[in-house]
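The values are calculated or read from the model by the stated rules, or taken from the named source; none is laboratory data. Here the structure is a predicted model, which is why all the values come from computation and not from measurement. No Cβ is skipped: glycine too gets one built from the backbone with ideal geometry, and neighbour counts run over all protein chains shown. Remember, those area values only see protein heavy atoms, side chains included, never the ligands or the DNA or RNA. Shrake-Rupley method; radii C 1.70, N 1.55, O 1.52, S 1.80 Å.
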Amino acid sequence: MSRGATLHMAPGDRLAAVDWREISGDLDAYGCAVIRGMLSGDECSSLIRSYSDDALFRSRVVMGRHGFGRGEYKYFAYPLPEVVAELRAAMYPALAEIANRCNAALRIDVRYPGEHESFLKRCHRAGQTTPTPLLLQYGQGDYNCLHQDVYGEHIFPLQAAFLLSGPGRDFTGGEFVLTEQRPRMQSRAEVVPLDCGDAVIFPVRHRPAQGVRGTYRVNVRHGVSRLRSGHRHTLGIIFHDAR
């Protein structure tokens with residue numbers, strides 16, 4: 001199915017057309033997976049415009065004040081905007097299957113239910129009731145330090161970021177970066193080229209990798225390199241809620 005055809009669908013329907021076996025294979029091989037053209041240009045523009053509507057958000061974080069980098073971001077409040085809520089609910093079931101397989105490979109006992117609502121109930125019973133999806137805004141010279149998005153006891157091990165701006169059109173620089181810290185080996189970096197509307201799926205904090213002695217755990221961090229010019233906006237979808 002062509003990119004033009006899928007953009008006429010609702011986000012949930014677009015996700016139903018994704019080859020999740022390919023996504024799972026890319027996560028195993030590279031530590032991340034990209035879904036091209038997940039959001040339309042209009043959807044990206046609408047989300048960027050929403051950044052100025054403070055009524056949609058519960059908090060704003062200026063990254064330089066906390067040593068997180070440069071730039072800022074805002075966490076959405078409940079109820080989430082329709083497109084954000086739909087993406088979060090629709091992506092979760094396929095990712096839960098991948099997450100359960102990864103936990104089994106790492107001999108981690110936690111398993112995730114098939115529906116996002118059920119997982120959120122688990123979070124809420126533990127006092128994690130605060131929404132975590134966010135919009136990030138970068139200007140020239142801004143960057144995001146390597147980090148992990150861990151907000152409480154219950155952590156869903158995969159997350160997604162959607163690029164809302166156009167590389168070369170709206171900004172230069174500002175590449176999405178992953179690093180992997182591997183046991184008894186030097187760290188590995190992965191720079192992920194994205195276009196406007198693309199989504200990248202990646203681990204929150206670790207993933208299984210296959211070695212000569214079997215499966216081992218790789219610690220993962222993500223960030224954004226320095227913007228050389230322009231402005232860059234990103235939608236981040238984290239599937240666990242925070243305390």
> Roughly how many whole Å is it from the C-alpha centroid of segment 40-86 to that of segment 103-135?
Replying inline: 22 Å
> Each residue of segment 181-193 in turn: what ³J(HN,Hα) in whole Hz from Karplus with 6.51, -1.76, 1.60 and θ = phi - 60°, glycine and Pro shown as x?
Replying inline: 9, 9, x, 6, 9, 6, 5, 10, 10, 10, 9, 10, x
> When the helix-only estimate is applied to the chain (DSSP H runs of n ≥ 4, each -39,500 (n - 2.57), divided by the residue count), what is the mean residue ellipticity at 222 nm, nearest 500 deg cm²/dmol?
Replying inline: -8000 deg cm²/dmol
>> Using a 1.4 Å probe on the protein heavy atoms only, what accessible surface does T129 show? Give it in Å² to the nearest 10.
In response: 80 Å²
> Does segment 101-212 come out rounded, prolate or oblate by the C-alpha gyration tensor, with a ≥ b ≥ c the root eigenvalues, rounded set by a/c under 1.5 and, if not, prolate when a/b is larger than b/c and oblate if not?
Replying inline: oblate
> Tally Lys and Arg at +1 and Asp and Glu at -1 over the other residues with C-beta under 12 Å from the C-beta of P167: what net charge comes out?
Replying inline: -1
> Considering only protein heavy atoms and a 1.4 Å probe, what is the carbon-and-sulfur percentage of the accessible area of segment 106-194?
Replying inline: 47 percent
>> Per residue, how much accessible surface does the chain expose to a 1.4 Å probe? Answer in Å², no decimals.
In response: 48 Å²
>> Testing the spin-label approximation: label points 7 Å from Cα along Cα→Cβ at R169 and H124. State their distance in nm.
In response: 3.9 nm
>> With the cut-off at 1.5 for a/c, could you classify segment 1-122 from its C-alpha gyration tensor as rounded, prolate or oblate?
In response: oblate
> Does the chain classify as rounded, prolate or oblate by the C-alpha gyration tensor (a ≥ b ≥ c root eigenvalues; a/c under 1.5 gives rounded; else a/b over b/c gives prolate, otherwise oblate)?
Replying inline: rounded
> What net charge is computed for the residues neighbouring D54, neighbours being all others with C-beta under 14 Å from the C-beta of D54, Lys and Arg scored +1, Asp and Glu -1?
Replying inline: +2
> In a shell of Cβ-Cβ distance under 15 Å around R182, excluding R182 itself, what net charge do Lys and Arg (+1) and Asp and Glu (-1) give?
Replying inline: +4
>> Under the rule of at least 5 residues apart or a separate chain, name every residue whose amide H is placed under 5 Å from the amide H of H240.
In response: F156
> Tell me, what ³J(HN,Hα) does each residue in segment 90-105 have, in order and in whole Hz, if you take phi through Karplus 6.51 cos²θ - 1.76 cosθ + 1.60 with θ = phi - 60° and put x for Gly and Pro?
Replying inline: 7, 6, 4, x, 5, 5, 5, 4, 5, 4, 5, 5, 5, 4, 5, 5
